[in-house]
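Here is the structure we will look at.
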Number of protein chains: 4
Amino acid sequence: MIYFNCDYNEGAHPEILARLSATNMEQTIGYGCDEYCEEARRIIRRECQAPDADVHFLVGGTQANATIILAALRSYQGALCAQSGHINVHETGAVELDGHKVLGLPSADGKITAQQIDEAYQAHIHDASFEHMVQPKLVYISQPTELGTLYTRAELAEISKVCRANGLYLFVDGARLGYGMAADSNDVFLPDLAQLSDVFYIGGTKLGALFGEAVVITNDELKKDFRYLIKQKGAMLAKGRLLGLQFSTLLGEKYMDVASVADIEKGAKNLYMKGGYHAIRQANQIREALNHKGITYLVANDTNQIFPVLPDEAIQELSEKYCLSYQERVDETHSAVRICTSWATKQEDVDALCEDLRRLDI
Amino acid sequence: MIYFNCDYNEGAHPEILARLSATNMEQTIGYGCDEYCEEARRIIRRECQAPDADVHFLVGGTQANATIILAALRSYQGALCAQSGHINVHETGAVELDGHKVLGLPSADGKITAQQIDEAYQAHIHDASFEHMVQPKLVYISQPTELGTLYTRAELAEISKVCRANGLYLFVDGARLGYGMAADSNDVFLPDLAQLSDVFYIGGTKLGALFGEAVVITNDELKKDFRYLIKQKGAMLAKGRLLGLQFSTLLGEKYMDVASVADIEKGAKNLYMKGGYHAIRQANQIREALNHKGITYLVANDTNQIFPVLPDEAIQELSEKYCLSYQERVDETHSAVRICTSWATKQEDVDALCEDLRRLDI
Amino acid sequence: MIYFNCDYNEGAHPEILARLSATNMEQTIGYGCDEYCEEARRIIRRECQAPDADVHFLVGGTQANATIILAALRSYQGALCAQSGHINVHETGAVELDGHKVLGLPSADGKITAQQIDEAYQAHIHDASFEHMVQPKLVYISQPTELGTLYTRAELAEISKVCRANGLYLFVDGARLGYGMAADSNDVFLPDLAQLSDVFYIGGTKLGALFGEAVVITNDELKKDFRYLIKQKGAMLAKGRLLGLQFSTLLGEKYMDVASVADIEKGAKNLYMKGGYHAIRQANQIREALNHKGITYLVANDTNQIFPVLPDEAIQELSEKYCLSYQERVDETHSAVRICTSWATKQEDVDALCEDLRRLDI
Amino acid sequence: MIYFNCDYNEGAHPEILARLSATNMEQTIGYGCDEYCEEARRIIRRECQAPDADVHFLVGGTQANATIILAALRSYQGALCAQSGHINVHETGAVELDGHKVLGLPSADGKITAQQIDEAYQAHIHDASFEHMVQPKLVYISQPTELGTLYTRAELAEISKVCRANGLYLFVDGARLGYGMAADSNDVFLPDLAQLSDVFYIGGTKLGALFGEAVVITNDELKKDFRYLIKQKGAMLAKGRLLGLQFSTLLGEKYMDVASVADIEKGAKNLYMKGGYHAIRQANQIREALNHKGITYLVANDTNQIFPVLPDEAIQELSEKYCLSYQERVDETHSAVRICTSWATKQEDVDALCEDLRRLDI
């Protein structure tokens, strides 16, 4: 079985394992206060051009989302997001467990607009019963979204402007950030996120770390006592250095040459972006094969997630050899599936899939 | 200013105040364990034909909703309801505060269908990522709904059947139950609710009590330790007898003649239904005046809430004399308002409003 | 059965019922925004000499405690209090339900000291693992305490000073405040509480209201959005005027003469203090009878709660005629009980109890 | 600096890293449903002699504790534990965040007794105000305790009996279980825990895993829907196989010889126990040095945590070379510190510490 169902089927960049082994018996203090974490923080602040940012390392995305939202909201406040947003759909109510309502906004492509946010906020404050309703206080967006789409820098700037005008925090979930930053159409980079949002994270789990998300807080209001919250959420890793070491390996330029890498990506100055470019290149090959067959998409995008609409028989046939992710029924005989590439996708697997797509009788 | 904005502008049926005064200096034990509460429980069990039901008295609706849902759900479970449901819109996230997600279903008239519920449940259990999603476990409906519409007995029976087949609790919010039971089209009465739901409540606040909702639990699974939950939610009234006395006065036949009442309603054997029939009669007079002008409704119904769509100028004009409740914008020049009648609505006020509606230049 | 078990066995001051009846059919807006609430707020601000205080009316004490603490704390912060504090013992974990830990401090008499508070705070901030521990952020005390004892003005000032020095909120639960202010030894009055605490409440339920606690917020940080929290906690009474009317009746000077009252207390310029002085006078008669028999107390105090240590046989004998509240076992043959007087205690009942106490064979 | 402050200063058993590297580019499904987790589950069920147990792998201890307690308790129920219990002291209120009160019982040595538990339960159910108090429903103990002490099998059996008689769940936190099972005095092994408790976990983080705790649920009531809870708590690791692989390496016999190990412990048939025996042997050398100087202990035990009471000057002197953990002040000139050994402690470091202890001028 060849897995294209998600972007976390393999372990980690070999360099990460090599460094874990090389440093294994060193003694460090725990809970993220060690030198490996400090190094990763320095790299991240520099890459984000945000020298005053607080940087924390958490193990996973749901944990990061819930902890950040808990830090930002008082109990009667809620998080605006696309109805398809991860916090609204795929976290088993983690945000609600901590007492907060997720306020879903309609969205066809996984994105929400500055106008939607403004209207939701204005509707709230002008409602005669506003005190009987959850107060919008934070906007959650994903870059790329759960449907692989990207906000442009202009869209992000507009959202940021509306948020700041209305006193809303802007939080960007970057679980797949590297796959967004590597996309052809992308014009949003780390310094943009640091400048335009109040808090965001750089996803590691899906981009070649064993696990880990690097939370970058630029708004001072959200910085205070954040480590208490990490601990309370059960998200403070005892051997915190494992996270620091992984992020310095992914984002630090000097770790690009630890392993013998022949084909360094144009422009990819670290493993994080190298993995991103690799996944996009592989995804584009699959898109080409799909396009050649005239296959349409549930939502079009140019990141590492592809959502083709296929006849149910074709899906069944492909599923004998490939693990795909079922997305949703489109009509009585067609469904959308998700095909993911990643930092680890093998050319031979892509070749096989493309060949089989071309052979499909559709 | 004449108030038609809601159904809780006045105090209580005078009989309630008379009995409060007559019993004022009696000493009773607290927290709902007194003889007044016991009498009210006996009356309610009899009226519901539910001799084994547990009956608890809470002060208000939001409190009752949150306490019942807390009793029914484990943390990862959620409540299905119409997107317009009170728990989803007008309780400032009270359900979420206790850790539970409200799972809104689309609805044009405030009602949801058995089919919607079944589809939501089936979609959950058949989703490959079901453990990553909130598990539907309770269905919340209001009778009448927030838009004044009513479930028929057949609809309720079908919903009940789907719930039981899928292991979902059915909870009916009866904050305005009396106004539903008094409507011409209604065929759902207390024994139906007791038989078809797992828990429901008989609203007192909006039907002539100073305050109070009588929660009726028929499903044994929801009975255990409910009083702990009432206390934990800050909902256990020290002088609990105030609630028992009010409900026995509203629902007991013998309290109909405490005050000199000339016009006992046909069929109204207690103050609760007398107040219900009165409000419906008044509402129907207003509907007649609206219909005469050819005015349409946001949603049509025959209970005590009327949602006419009016020109904005007309609303402004009426608002100088009447307090109405703004509902929503319909188009650039029209909005829907809510006009409520109640057990306490005066004929002279209805006459004045009808006269003014007839005079409107529309 | 004669009830001395608590101070909420009866209804309300007859003047309250009279005013409820007199205003019953008036129409007002809901949720505490009516003129009755405004009048009560004006009276309370004046009595507290706190013209900028926010005043909110809640139905009960547990509800008030939980709502205030929810307003004051972030999730990882906790409330310091005596281990015997109501929030720690008798609220079924209402504070914990909202996510906060109660940090109990040892106390023999229901009081805690400024030194204890300071030590707890210093211990926290100087612990190397402070981020792994709940951060103390609020101090909860009761005046009088659950054991009937009183803080002196000097003690309260010292606690206030320590709290302000350490950034802790000081919250005073005044569920029985009137019985404290009426005690011979008391030197803490409303302006003192307004000046020295950040938030406190004036208890109505136990002092002759049907129900109700008046929350007085003097610290601006706690004022913001408090009404959202009231609603989210299910604590916003629809017919809010019932609370306003009761507090204006209790605290407004002009309502002293609504009923024909012959024996106005020396210094009692409102019903609230009149009820307080009455209860203290009755309690002191009972104390005299107990003292005459050489009976000792679990904790000595001069408020309306008396905690005599009695032989178990005596308790059993008294319990045939009187409802007392069992407090705790003292030794193999003795227990402490609680005897409460109230605004409503009848002289004849006190006489009977004193007579029976004198006759006890101990 | 030589670290004796805790047992998680280093990385992992080299065999773990070797296997992670060897399997790195394999593709597996996520979230703990892969074959590595299945293998680990089989090993654990066999070692526990509990073929029907559910086994889940979580990343850390606080996370495991909170998730298990959330699974076990309804909102008004609480967890009995020693006041020194980890959930009561060092988890920043993680249990309270999910709505539950921790009910601390006094304890001098970190242990609680069956009698204490029974008395707490009996006191609750016989209190007239029981519904106003948090209901004890779960007992949390640690083996070894936070003070390094151990429950004997007889003590554990007695606690288990009391719990079952009173309907309380027994939950054993085994964060340091291997150091308990390797102690000379220990007679509690995995099958005992599986038989006597309802749920426990085998700690990996402190015993040579990079991270991870293996939760073993034997009571069917706690099994249902546990994976929903793991996800909701943000505790479901995407690359779940990392946990499975670590636990099979630690607990599977066949992984003992992956690395060239000369000195396999007598009786240690897997890396988990090998690491445990190693730590105990090192700790005992340090104890010998302390005993030789006549140094006393805050609490005596024979596991891997040592709590000597030392003069403050001695602590200061040792701290220049060794990182110790400050425990508490004992008197004006003495404090207790914690010295930890672990699976990774080097003989040369122990030798150095022992030598320096012998040289201390005390």
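The values are calculated or read from the model by the stated rules, or taken from the named source; none is laboratory data. Predicted, not measured: the structure shown is a model, and the values here were computed from it. So basically every Cβ, Gly included, is an ideal-geometry build from the backbone, and we count neighbours across all protein chains shown. Calculation scope for accessible area: heavy atoms of the full protein, side chains included, ligands and nucleic acids excluded. Shrake-Rupley method; radii C 1.70, N 1.55, O 1.52, S 1.80 Å.
Observations
- With protein chains left intact and a 1.4 Å probe, residues in the protein assembly as shown average 34 Å² of accessible area per residue.
- 5 angstrom amide H check on residue B:326, placed H, neighbours 5+ away: B:338
- Phi to ³J(HN,Hα) by Karplus 6.51 cos²θ - 1.76 cosθ + 1.60 over the stretch D:107-124, Hz, x for Gly, Pro: 7, 8, 10, x, 9, 10, 10, 4, 5, 4, 5, 4, 5, 5, 5, 4, 4, 5
- Max mean-square fluctuation residue, GNM over chain C, Cα-Cα springs under 10 Å, options C:24, C:291, C:219: C:24
- Each Lys and Arg Cβ is given +1 and each Asp and Glu Cβ -1; about its Cα centre, the stretch D:137-215 then shows a dipole of about 160 debye.
- Measuring nothing but how far apart in sequence close Cα pairs (under 8 Å, 6+ apart) lie, relative to its length, the stretch C:169-285 scores a relative contact order of 27 percent.
- Shielding score for D:54-63, defined as the mean number of other chain Cβ atoms within 10 Å: 3
- Per residue of peptide B:67-77, the mean number of Cβ atoms on other chains within 10 Å of the residue Cβ is 5.
- Working note: Debye formula, equal point scatterers on the alpha-carbon atoms of chain C, no solvent; log10 I(q)/I(0) at q = 0.11, 0.13, 0.15 Å⁻¹ is -0.76, -1.04, -1.31.
- Here the stretch D:132-179 exposes an accessible surface that is 55 percent carbon and sulfur, computed with a 1.4 Å probe and the other protein chains kept in place.
- Heavy-atom accessible surface of the stretch D:260-362: percent carbon and sulfur, 1.4 Å: 47
- Scaled to the globular estimate 2.2 N^0.38 Å, the Cα spread of the protein assembly as shown, given as radius of gyration, is 0.96.
- Relative contact order (percent, whole number), the stretch B:98-194, Cα cutoff 8 Å, 6+ residue spacing: 30
- If you take the Cα centroid of the stretch D:226-242 and the Cα centroid of the stretch A:24-40, the two points sit 25 Å apart.
- Overall, the protein assembly as shown carries a charge dipole of about 0 debye about its Cα centre when +1 sits on the Cβ of Lys and Arg and -1 on the Cβ of Asp and Glu, all other atoms neutral.
- Listing of the stretch B:21-40 residues, each with accessible area lower by at least 50 Å² in the full protein assembly than in the chain alone (probe 1.4 Å): B:24, B:25, B:27, B:31
- Considering only B:167, B:204, B:276, the Gaussian network model of chain B with Cα springs below 10 Å gives its largest mean-square fluctuation to B:167.
- A Förster radius of 41 Å combined with the Cβ-Cβ distance from residue C:296 to residue B:26 puts the calculated FRET efficiency at roughly 0.75.
- Chains D and A, summed buried accessible surface - 1.4 Å probe, Å², nearest 100: 4300
- 15 Å tail of the calculated P(r), the stretch B:197-239, as % of Cα pairs: 54
- By definition, a body whose alpha carbon gyration tensor gives a ≥ b ≥ c is oblate when a/c is 1.5 or more and a/b is not larger than b/c, and the stretch B:1-95 fits this oblate description.
- Pairs over the 23 Å Cα-Cα cut-off, from the set B:239/C:269; C:137/C:161; A:239/D:293; B:101/D:239; C:111/C:231; D:137/D:206: B:239/C:269; A:239/D:293; B:101/D:239; C:111/C:231; D:137/D:206.
- For the stretch C:1-109, the residue among C:22, C:73, C:94 whose Cα projects farthest onto the positive side of the dipole built from Cβ charges is C:73.
- Rel. contact order, % - alpha carbon contacts under 8 angstrom, at least six apart, chain C: 23
- Shielding by partners - mean other protein chain Cβ count within 10 Å, residues of D:132-144: 3
- Simple spin-label estimate for residue B:219 and residue C:328 in nanometres, 7 Å along Cα-Cβ: 4.1
- Per-residue 3J(HN,Hα) values for the stretch A:87-100, derived from phi via the Karplus relation 6.51 cos²θ - 1.76 cosθ + 1.60 with θ = phi - 60°, read 5, 8, 10, 10, 10, 6, x, 4, 5, 5, 3, 8, x, 10 Hz in sequence order (x marks Gly and Pro).
- Cα gyration tensor category, rounded, prolate or oblate, for the stretch B:271-326 with a/c compared to 1.5: prolate
- The HN-Hα couplings worked out from phi for the stretch C:150-159 by the Karplus form 6.51 cos²θ - 1.76 cosθ + 1.60 (θ = phi - 60°) are 10, 7, 7, 4, 5, 4, 5, 5, 5, 4 Hz, whole numbers, x standing for Gly and Pro.
- Whole-Å distance, taken between Cα centres, linking the stretch B:199-220 and the stretch B:342-362: 30
- Across the accessible surface of the stretch C:200-259, with the other protein chains kept in place and a 1.4 Å probe, carbon and sulfur atoms take up 47 percent.
- Sequence-distant residues sharing a close amide H with residue C:169 (under 5 Å, placed H): C:138, C:139
- Mean residue ellipticity (222 nm) of chain D, computed from DSSP H runs ≥ 4 via -39,500 (n - 2.57), nearest 500: -11500 deg cm²/dmol
- For the stretch B:110-182 versus the stretch A:78-122, the inter-centroid distance based on Cα atoms is 23 Å.
- Within the stretch C:23-108: Cβ-based charge dipole about Cα centre, in debye rounded to nearest 20 (Lys, Arg +1; Asp, Glu -1): 380
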